[in-house]
1. Using r as the Cβ-Cβ distance of residue 23 and residue 266, and R0 as 45 Å, what FRET efficiency do you calculate, to the nearest 0.05?
2. What angle, in degrees between 0 and 90 and rounded to the nearest 10, separates the Cα long axis of helix 39-57 from the longest principal axis of the Cα atoms of the chain?
3. Work out, step by step, the length gained on full extension between residue 83 and residue 195: first 0.36 nm times the residue separation, then minus their alpha carbon distance; give nm to one decimal.
4. Going by alpha carbons, how many degrees (0 to 90, nearest 10) lie between the helix axis of 2-19 and the longest principal axis of the chain?
5. Counting only heavy atoms of the protein chains, get the accessible area per residue of the chain (1.4 Å probe) and round it to a whole Å² value.
6. Assuming R0 = 51 Å, can you tell me the calculated FRET efficiency for the pair residue 139 and residue 274, based on Cβ-Cβ distance, to the nearest 0.05?
7. For every helix of n ≥ 4 consecutive DSSP H residues, a contribution of -39,500 (n - 2.57) applies; sum these over the chain, divide by its total residues, and give [θ] at 222 nm rounded to the nearest 500 deg cm²/dmol.
8. Report the convex hull volume per residue for the chain, counting only C-alpha atoms, in Å³.
Amino acid sequence: MNTRRRWRSRVGDWARQRQGEDAVPLALVRRRLYVLPTRAGLAFAALLFIMLLAALNYTNSLGLLVTFLLGGVALVAMYECHRALHGLRIVAAEASDAFEGTRGELRLGVENVTTLPRQGLMLRAAHATAAGDAVTRSDVPARQSAALRCSYAAHRRGRQPIEALSLSTNLPLGLFRCWTWLHLPVEAIVYPAPVGPLPLPAPRARPFAAGAHRSAGEEEWSSLRPYQPGDSPRAVAWKAWARGAPLLVARYEAIRGGEHRFDLADTPGADLEARLRQLAAWIL
């Protein structure tokens, strides 16, 4: 697995040097597209080779016909796989923020300016393992736009650049895989992981009660006031009036949230990252 990762990293670096940095809008031309057979394609090619040897050995014209017919189908499949990406336009790219150790979301806006639908498009962060990604296939109808999504791993707190994106497809038969690398200026903000064993500290400078404000509303019962012409009959305290009290109207008020200040100095320890994680846990 490590050898495969190193190989993919070297190939990705070569493609980056060959293509250079990208910027939206971006059109996918032939120079940017790469096509290779999949494992199923290699097995299919081996089967065709065996069928060819058997047909030649027994001088079987029907066997030769089937072999060349299947070979032609494979070539058409390779062409259709390449055409699924050729001519697409990349119009937007962004990454959502995430917490350290979790997975964020990458969104790629694509536009299909042709009359051919593009099916089975897959987006992922380049050099990512298949086990860490939930690959989702997306379709782009003819002359329409769509948003492709995938996940990325938030490794460290801070600004995390997304070095490269891989846009690929293996339709229609899964015998070939056509892909392209996108080196777009996409950056995500990774927040500290909200982890910490300490309980929430008591408010000191401005507690919730001191910073609370009340406003008129209908969220919480507050008190009763004398009835005034124009008050809604539904707000009248009819039970109190039945016991002999004057007409009273219920008054409702909503409590606004106060202000709670957190200080990094309240987190113990010398490890800054652990203190930031504790502070994030308190805020959440």
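1. Working: r = 44 Å, r/R0 = 0.98.
Computed FRET efficiency for residue 23 and residue 266: 0.55.
2. The two axes meet at around 20 degrees.
3. Working: separation 112, 0.36 × 112 = 40.32 nm, distance 4.76 nm.
Result: 35.6 nm gained on full extension.
4. 90
5. Per-residue accessible area for the chain comes out at 63 Å².
6. Working: r = 45 Å, r/R0 = 0.89.
For R0 = 51 Å, the calculated efficiency reads 0.65.
7. Values: 5 runs with 77 residues, N = 284.
Value at 222 nm, helices only: -9000 deg cm²/dmol.
8. Details: hull volume 82.7 nm³, N = 284.
It comes to 291 Å³ per residue, whole-number rounded.
The values are calculated or read from the model by the stated rules, or taken from the named source; none is laboratory data. Nothing here was measured: the structure is a model prediction, and the numbers come from that model. Positions of Cβ are backbone-derived with ideal geometry, glycine not excepted, and every protein chain shown enters the neighbour counts. Only protein heavy atoms, including side chains, enter the accessible area calculation; ligands, DNA and RNA are left aside. Shrake-Rupley method; radii C 1.70, N 1.55, O 1.52, S 1.80 Å.
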